[in-house]
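One structure below.
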Number of protein chains: 2
Amino acid sequence: MEKDITDKILNGDVRAAARLMRGIEDNLPQAVEELRHLYMHTGKAYIIGITGAPGVGKSTLADALITSFRKRKFKIGVVAVDPTSPFTGGALLGDRIRMGKHATDKDVFIRSLASRGWAGGLARATLSIVHVLDAMGKDIIMVEAVGSGQGEVDISRVADTTLVVLSPGMGDEIQMMKAGILEAADIFVINKADKEGAESLKIQVEQMLGIIPQNKDKWKPIVILAQAVNGKGIEETVETVLEHKRYLISSGQIKHRRSERARLELVEAIEHSLRLHVNEIIDDDNFQNLTTALAQRKIDPYSAAEQVLNRTIIAKKPRKSGKKNQDI
Amino acid sequence: MEKDITDKILNGDVRAAARLMRGIEDNLPQAVEELRHLYMHTGKAYIIGITGAPGVGKSTLADALITSFRKRKFKIGVVAVDPTSPFTGGALLGDRIRMGKHATDKDVFIRSLASRGWAGGLARATLSIVHVLDAMGKDIIMVEAVGSGQGEVDISRVADTTLVVLSPGMGDEIQMMKAGILEAADIFVINKADKEGAESLKIQVEQMLGIIPQNKDKWKPIVILAQAVNGKGIEETVETVLEHKRYLISSGQIKHRRSERARLELVEAIEHSLRLHVNEIIDDDNFQNLTTALAQRKIDPYSAAEQVLNRTIIAKKPRKSGKKNQDI
């Protein structure tokens, strides 16, 4: 059965992929099982992260990039990590409608991922959906996420190439500093470049990049002026992405990035597994008693947490024979 | 020594409080120890959450509210949870400068909390700083956080009263839907009410509130027009907050909210404790080997996670005698 789904997805079956993605989003245990099988068949796709403040035109840019990549015959997957209301039940109008023109193109698969109320790790869910798209045979996978700097998916840890989208007149300089995206970006796209201030924003970004100590072997971020809505700057963006890809491969840095991603994924998987244990605990009567005791200040949260953990999860750790032995 | 710091903070010592807050932000183990002692002395302050999209004027509103609460002799603490760049080293210009006029008022304590790169739970850190302010004897603590709906601190779970700040012409209707803040708000403040569209935004919000099924015993969110920059609507906001507080107390709902908060805090403490264990594991040689195996697709992340956990943390769980026995 699981084998069957794996095969279907490897053959690009859209329905099987969509079902698995739903399972991932709903955090179903069998989705994890299926991902285990798929995982061995992944690692071929190239991942592009697209981030920036709300309103800068990330989706419009993604849309234009799809068109351009499709001309080059690349198969495309998109994961849009978007804030969603539990109230609206997960319906995300804007992006889907806007990218609707690719709806009839079977080599384009677009998936939104609700982030609000997401119980597990958002990075884990995002990467899981990326893996499904990868296994489906997509050559390029774009991950679009709001970059508020507020604990959202750190897109640069997930992507091979990270595009940071800015637009003039949004106080971007400050936004940029705040979100720490200067260091994360491989390419800056200044969208809505017909607006006043685009050129000066470009200069500002380039000056800021000048402040960061640049290793001469290191990729120096490129700043591109674009108008995604009418395709201006899109070819340049695509060319620059491909150039960055060649750079990552020739410098060997792609290995480093992917090892980082594997590390992130392992940590997320560990936290996921631990969270399952915690969820089990939370169902416990004792947990409710502890919560009450906590609200009444009869115990502090750390002592309460220790009680819970000692009683359930944490083993008396037999110290591994290792170079570090803190017991001595 | 720890006792000493507790006493100092209980006496409102600003320097001791600031040092502990730094320890919390740096995730120092002794900060947790000190929080344990302090915790028993907390639970007296009233917590107001202020959230909304970037640029709506949350800080300006917080600033105006401070002035108004101070006229009523309330002692005030503020935690501004803000995206920060690791690059700028945590310096947050805007807010601090803006609220600088309270710098000489010893009964106002304002603290920024970087959110970017925060290794532990952001909710845990925020609540920890709230506890310090509470122990210092602040009557009202405001927590200001960007509400992008992207896994940031879910302010309504931390606060007694949640203010959602909107401003005209920012596509707020959509933002609102996306972020699911309609359900979270106790009070809406439409800031920059001199701008075109303020009145119609108010009507829109009220219409949307009309859609949500309202329990007749439930607090019905109030929508207030304000211009924080010149104090307009601030008295009304303060009065409404105090009215909401009275409502929570008389309806008994404050107990429910605080029990929810305790629950959140216990879960965060458990996750914190588990994260410490995970961090220990990550230092392990074996972890690097697993990461490499993962990047090469020799193993999947979930099997790798299982290996790590079985080897270190997870005890053979002796099933507690409880009503649920899944083994049967």
**Study point:** Count - residues of segment B:1-58 that are of a type in the set (S, T, N, Q) and more than 30 Å from B:A184 (Cα to Cα)
**Key:** 3
Review point. Is one or more of the residues making up segment A:256-270 touching a Ser or Thr at 6+ places or on another chain (Cβ under 8 Å), modelled with pLDDT under 80 and farther than 20 Å from A:A185 by Cα?
Key: no
Review point. What are the residues in segment B:49-77 that are in contact with a helix residue (DSSP H, G or I) (Cβ under 6 Å, 6 or more places away or on another chain) and of a type in the set (A, V, I, L, M), if any?
Key: B:I50, B:A53, B:L61, B:A64, B:I66, B:I76
Review point. What are the residues in segment A:190-210 that are over 24 Å from A:T60 (Cβ atoms), crowded, with 16+ Cβ neighbours inside 10 Å and polar (S, T, N, Q), if any?
Key: none
Review point. Can you tell me which residue in segment B:306-324 is modelled with the highest pLDDT, limited to those that are among the charged types (D, E, K, R) and not in a loop (DSSP other than H, G, I, E, B)?
Key: B:E306
Check your understanding: If you check B:D327 against the conditions, is it in contact with a helix residue (DSSP H, G or I) (Cβ under 8 Å, 6 or more places away or on another chain), modelled with pLDDT under 85 and more than 9 Å from chain A (Cβ to nearest Cβ)?
Key -> no
Exercise for review: Working only within segment A:40-53, note down all residues that are in contact (Cβ under 8 Å) with a residue 24 or more places away in the chain and surrounded by fewer than 24 Cβ atoms within 10 Å (Cβ to Cβ).
Suggested key: A:H41, A:T42, A:G43, A:K44, A:A45, A:Y46
Exercise for review: Kindly indicate whether B:A53 is among the aliphatic types (A, V, I, L, M) and within 14 Å of another protein chain (Cβ to nearest Cβ).
Suggested key: yes
Revision key, fill the gap. Checked segment A:26-62 for anything at pLDDT 90 or above and among the small types (G, A, S); matches are A:A31, A:G43, A:A45, A:G49, A:A62
Exercise for review: Residues being polar (S, T, N, Q) and under 14 Å from A:T161 (Cβ atoms): count how many of those fall in segment A:195-249.
Suggested key: 2
Review point. Out of the residues in segment A:293-305 that are within 7 Å of another protein chain (Cβ to nearest Cβ) and in a helix (DSSP H, G or I), which is nearest to B:R261 (Cα to Cα)?
Key: A:A295
Exercise for review: State whether the residues of segment B:245-265 include one that is touching a strand residue (DSSP E or B) at 6+ places or on another chain (Cβ under 9 Å) and under 20 Å from B:T60 (Cβ atoms).
Suggested key: no
Review point. Which of the residues that make up segment A:25-42 are touching a helix residue (DSSP H, G or I) at 6+ places or on another chain (Cβ under 7 Å), in a helix (DSSP H, G or I) and not small (G, A, S)?
Key: A:E25, A:Q30, A:V32, A:E33, A:E34, A:L35, A:R36, A:H37, A:L38, A:Y39
Review point. Could you list, in sequence order, the residues of segment A:231-253 that are of a type in the set (S, T, Y) and assigned to a helix (DSSP H, G or I)?
Key: A:T237, A:T240, A:Y247, A:S250
Check your understanding: Quick check: anything in segment A:282-291 at pLDDT 90 or above and part of a loop (DSSP other than H, G, I, E, B)?
Key -> no
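For every residue, the table says whether it meets (1) crowded, with 19+ Cβ neighbours inside 10 Å; (2) within 21 Å of A:S303 (Cβ to Cβ); (3) over 18 Å from the mean Cα position of the chain (by Cα); (4) not polar (S, T, N, Q).
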site	(1), (2), (3), (4)
B:I234	yes, no, yes, yes
B:L248	yes, no, yes, yes
B:G252	no, no, yes, yes
B:A262	yes, yes, no, yes
B:L274	yes, yes, yes, yes
B:V278	yes, yes, yes, yes
Exercise for review: Can you tell me which residue among A:R246, A:R261, A:R297 is under 30 Å from B:V308 (Cα atoms) and basic (K, R)?
Suggested key: A:R261
**Study point:** Residue identified as of a type outside the set (D, E), more than 8 Å from chain B (Cβ to nearest Cβ) and touching a residue at least 40 places away in the same chain (Cβ under 8 Å) among A:L225, A:L242, A:L276, A:L264
**Key:** A:L264
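The values are calculated or read from the model by the stated rules, or taken from the named source; none is laboratory data. As the structure is a computational prediction, the values presented were derived from the model and not from experiment. Glycine also receives a Cβ, built like all others from the backbone with ideal geometry; neighbour counts cover every protein chain displayed.
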